[in-house]
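See below for the structure under consideration.
Read the figures in this text as sums done on the coordinates, not as results from a lab. In this text the structure is predicted, and so the values were computed from the model without any measurement. Cβ placement follows ideal geometry from the backbone for every residue including glycine, while neighbour counts extend to all protein chains displayed.
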Amino acid sequence: MVKNSFISIISQKENEENGGSVEFQVLSFTTKIRRLASHLELHKKDSSSQRGLRKILGKRQRLLAYLSKNNIGRYKELIGELGIREIKTR
């Protein structure tokens with residue numbers, strides 16, 4: 001619940017500033033993914049929602065790949081705030 005309130009605060013702030021930024025799009029996809037994942041826990045055989053979830057995951061993955069290629073600092077900051085990926089350390 002803390003992450004959801006944190007995300008809603010960020011999304012409201014970002015929406016006012018720049019709704020088309022990569023960070024905002026990843027943020028909105030993440031909220032949709034979390035909502036669909038909780039829906040699929042209750043409705044395991046809902047294939048339409050599963051397909052939608054896979055499409056949104058692919059879009060978010062492509063946006064994150066774009067962000068990591070163009071601005072690694074913003075990428076690390078975003079995944080740290082959202083807690084969606086492990087940062088690889090060597």
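Work out from phi, with θ = phi - 60° and the Karplus expression 6.51 cos²θ - 1.76 cosθ + 1.60, the ³J(HN,Hα) of each residue of region 31-37, listed in order in whole Hz, and give x for Gly and Pro.
Listing the rounded values in order: 5, 5, 4, 5, 5, 5, 5 Hz.
List, in order, the whole-Hz ³J(HN,Hα) value for each residue of region 52-66 obtained from phi through the Karplus relation with A = 6.51, B = -1.76, C = 1.60 and θ = phi - 60°; use x for Gly and Pro.
3J(HN,Hα) across region 52-66, in whole Hz: x, 5, 5, 5, 5, 4, x, 5, 5, 4, 5, 5, 5, 5, 4.
Among 47-56, 18-27, how do they line up from the highest to the lowest mean number of other beta-carbon atoms within 10 Å?
Numbers: 47-56: 13.0, 18-27: 15.1.
The packing order, highest mean first, is 18-27, 47-56.
Going toward the positive end of the dipole of region 27-71, with +1 on Lys and Arg Cβ and -1 on Asp and Glu Cβ, which of G52, L40, N70 do you reach last?
So the residue furthest toward the plus end is N70.
Name the shape class, rounded, prolate or oblate, that the alpha-carbon gyration tensor gives for region 19-90, where a ≥ b ≥ c are the square roots of its eigenvalues, rounded holds for a/c under 1.5, and otherwise prolate holds if a/b is larger than b/c and oblate otherwise. List each step's numbers first, then the result.
Working: a/c = 2.40, a/b = 1.94, b/c = 1.23.
Prolate.
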